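What follows is a single structure, written as structure tokens, with notes after it.
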Amino acid sequence: MSNLFPDLESTQPPVVITDLHKSFGDNEVLKGINLTVSQGEVVCVIGPSGSGKSTLLRCVNLLENPTKGSIQLLGAEMTDPDVELNQVRAHVGMVFQSFNLFPNMTAIGNCIIGQRQVLKRSKAEAIEIAKKNLEMVGLSDRMDYVPAKLSGGQQQRVAIARALSMDPKVMLFDEPTAALDPELVGDVLAVMRDLAHAGMTMMVVTHEMSFARDVSDRTIFMDGGVIVEEGPSQDLITAPKERRTQIFLKRVLDPTHIEDSELGETEAD
Amino acid sequence: MSVLPYLKPTARKRLGRIGSYAIGLALILVVVAFADWPHIQKVFFNPSVAMKMWPAILIVALKNTLIYTVSSFVLGSLLAVLLAVLKLAGGPLGWAASAFIELFRGIPALLTIYAAAYVLPIAFGFQLPGEGPGAGIVALTIVTGAYAAEIVRAGIQAVAPGQAEAARSLGLSSGQTMFWVVLPQAMRIVIPPMTNEFVMLLKDTSLLYIAGFTVIQKELTTFGQDAVSTTGNATPIVMVAISYLVVTLPLTYLVGLLEKKLDPKR
């Protein structure tokens, strides 16, 4: 299994997106995205709602079918109809805003199903790996709970453990803390930070600017279906160059101090 | 009476309800007083007629009704899942599934039973196994499958789309996603309408007489009809009605328990 993508570690970056377009009917949500994520890199995608950042992430493992362009994921061309998507997806973890745990299974059951059905691991091995990952996210005492008995933050950590149990080479996070009560956000971000420090390749769509600034290597600001600005996270968030990025960050970081003149200028953009 | 205009609507309703109870009670008293009770008892609740039906009504008629119902329901439910999945998948097979569903929902169950029992042998010289009941169960399986397919389809579509997305992102195939994630959740949603389907099917087994029964193959309604014509008494009909209720009334309760058991918030 580990040899499925033999040239991965050495040569090719795990995610290479080229001229990606995505339309829903007449509405073009992505207007030509070019993006490469290197091995071990943590990339945050920020931007106003409707900017296309979630759609971009969902295109990476083809939960959304791109209208045009190319997505190379772990060396596989995802838009090629002959590529067995399930084999690639098995090595790419995804965490959703609304957790999407399977309510008909316990926490550990959620972490086992993919290992058993897709990776064909033995039951004992799957349980061992699931336990290890649930322990890592701090939920070893909640393994036999069904999702409905867990808090939002606990559910999201189970969802991360579920993804990690597949031994992913890339992790995709789609606004993982947006549906959480504020006091539960920290636990989830802490798990993600540990993961980043352990060298996981990550793409994170988020509104958590402090996480982007402190944990990620690079941040991408999207608006209107295009990448407006990208750069090292520290630089982009503390000293953005583009006007649109400056206005967005000012609004997010300091929501009570929006000046009327700025509002006017945004409209004029 | 002068207080009436100042009464609240709820108070008026209460007065009205008391009035209607009084009228109903009076009617019952009149019926009880003037009805020919010995005659009613002789025709509808005749112990000697009832004794003659015992125990055949239980070990033949009710047993057969349950066998026909349960086997058609189990096979029909499996067919329904197949039809629903095919229909949702689309393509030529989905189109065929839709046509099948529309056909057998659109024609009377009696016609389907008749076709299975007589048209098949006449047209193709092909006799379904199990004589009349065998053909009848096949026909009721098809009818139940067609009706329940729409129930199952609605149940599948009621499962949150994020569930399938999470499963697919783990690398599960569409078939694995359906089997392990979507269908188990859809099953809980379809329990109440499927219970309804079961009750309808239980009553529809009374249509199987058209497929032809030997004496030991009779179900409740046929059994009751025969008993009425041989005894010239209506007691068998009452007993048959009670036999159906003995099945349907506890069922509602048991299904309530099952629903609670399958609740993910348990």
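The values are calculated or read from the model by the stated rules, or taken from the named source; none is laboratory data. Every value quoted in this text rests on a predicted model; they were computed, and no experiment measured them. Cβ atoms come from the backbone with ideal geometry, glycine included; neighbour counts cover every protein chain shown.
Six or more apart or on different chains, Cβ under 6 Å: which pairs go from a residue in segment B:142-159 that's within 19 Å of residue B:70 (Cβ to Cβ) to one that's modelled with pLDDT under 95 and among the acidic types (Asp, Glu)? Could you list them?
Note: pairs meeting the criteria are B:148/B:197.
Could you check segment A:114-129 and list, in sequence order, the residues that are within 14 Å of another protein chain (Cβ to nearest Cβ), free of Cβ contacts under 8 Å to residues at least 60 places away in the same chain and assigned to a loop (DSSP other than H, G, I, E, B)?
Residues satisfying the conditions are A:118, A:120, A:121.
Kindly indicate whether residue A:100 is within 12 Å of another protein chain (Cβ to nearest Cβ), polar (S, T, N, Q) and farther than 18 Å from residue A:172 by Cβ.
No, not satisfied.
Quick test for you: out of B:172, B:245, B:202, pick the one residue that is closer than 21 Å to residue B:110 by Cβ and either modelled with pLDDT of 90 or more or within 10 Å of chain A (Cβ to nearest Cβ) (or both).
B:202
Within segment B:173-192, is even one residue buried (at least 16 other Cβ atoms within 10 Å of the Cβ), touching a Ser or Thr at 6+ places or on another chain (Cβ under 9 Å) and either within 21 Å of residue B:65 (Cα to Cα) or basic (Lys, Arg) (or both)?
Within segment B:173-192 (the criterion being buried (at least 16 other Cβ atoms within 10 Å of the Cβ), touching a Ser or Thr at 6+ places or on another chain (Cβ under 9 Å) and either within 21 Å of residue B:65 (Cα to Cα) or basic (Lys, Arg) (or both)), the answer is no, since none of the residues qualifies.
Check every one of the helices (runs of 4 or more DSSP H) wholly within segment B:155-266 and list those with 2 or more residues that are touching a Phe, Trp or Tyr at 6+ places or on another chain (Cβ under 9 Å).
Correct list: B:161-169, B:183-204, B:220-231, B:235-262.
Could you run through segment A:135-151 and say how many residues are surrounded by fewer than 18 Cβ atoms within 10 Å (Cβ to Cβ), away from chain B (no Cβ under 14 Å) and touching a residue at least 40 places away in the same chain (Cβ under 8 Å)?
2
Of a type in the set (A, V, I, L, M), away from chain A (no Cβ under 14 Å) and either without any contact (Cβ under 8 Å) to a residue 60 or more places away in the chain or touching a strand residue (DSSP E or B) at 6+ places or on another chain (Cβ under 7 Å) (or both), is that true of residue B:211?
Taking the combined requirement at face value, the residue does not satisfy it.
From the set of residues in segment B:197-223 that are farther than 14 Å from residue B:76 by Cα and polar (S, T, N, Q), which is nearest to the chain's Cα centre (by Cα)?
Within segment B:197-223, the match that is nearest to the chain's Cα centre (by Cα) is B:206.
Which members of segment A:104-113 meet the condition of being at pLDDT 95 or above and within 8 Å of chain B (Cβ to nearest Cβ)?
A:113
Please go through segment A:152-201 and pick out each residue that is assigned to a loop (DSSP other than H, G, I, E, B), among the small types (Gly, Ala, Ser) and within 14 Å of another protein chain (Cβ to nearest Cβ).
Listed by number, the residues that qualify are A:165, A:178, A:179.
Inside segment B:48-135, counting only helices (runs of 4 or more DSSP H) that do not spill past its ends, which hold 2 or more residues that are at pLDDT 85 or above and surrounded by fewer than 20 Cβ atoms within 10 Å (Cβ to Cβ)?
Ranges flagged: B:63-89, B:91-106, B:109-114.
Among the numbered criteria (1) away from chain B (no Cβ under 12 Å); (2) in a strand (DSSP E or B), which one does residue A:93 miss?
(1)
Run residue A:132 past the list (1) within 24 Å of residue A:192 (Cα to Cα); (2) within 11 Å of chain B (Cβ to nearest Cβ); (3) out of contact with any Ser or Thr (no Cβ under 8 Å at 6 or more places or on another chain); (4) in a helix (DSSP H, G or I) and report the number of the one that doesn't hold.
Result: residue A:132 fails condition (2) only.
So which of A:27, A:61, A:86 ends up being surrounded by fewer than 14 Cβ atoms within 10 Å (Cβ to Cβ) and either within 14 Å of chain B (Cβ to nearest Cβ) or not hydrophobic (A, V, I, L, M, F, W, C) (or both)?
Residue meeting the stated conditions: A:27.
Would you please name the residue that is farthest from residue B:190 (Cα to Cα), looking only at residues in segment B:46-91 that are of a type in the set (Phe, Trp, Tyr) and in contact with a Leu (Cβ under 9 Å, 6 or more places away or on another chain)?
B:68
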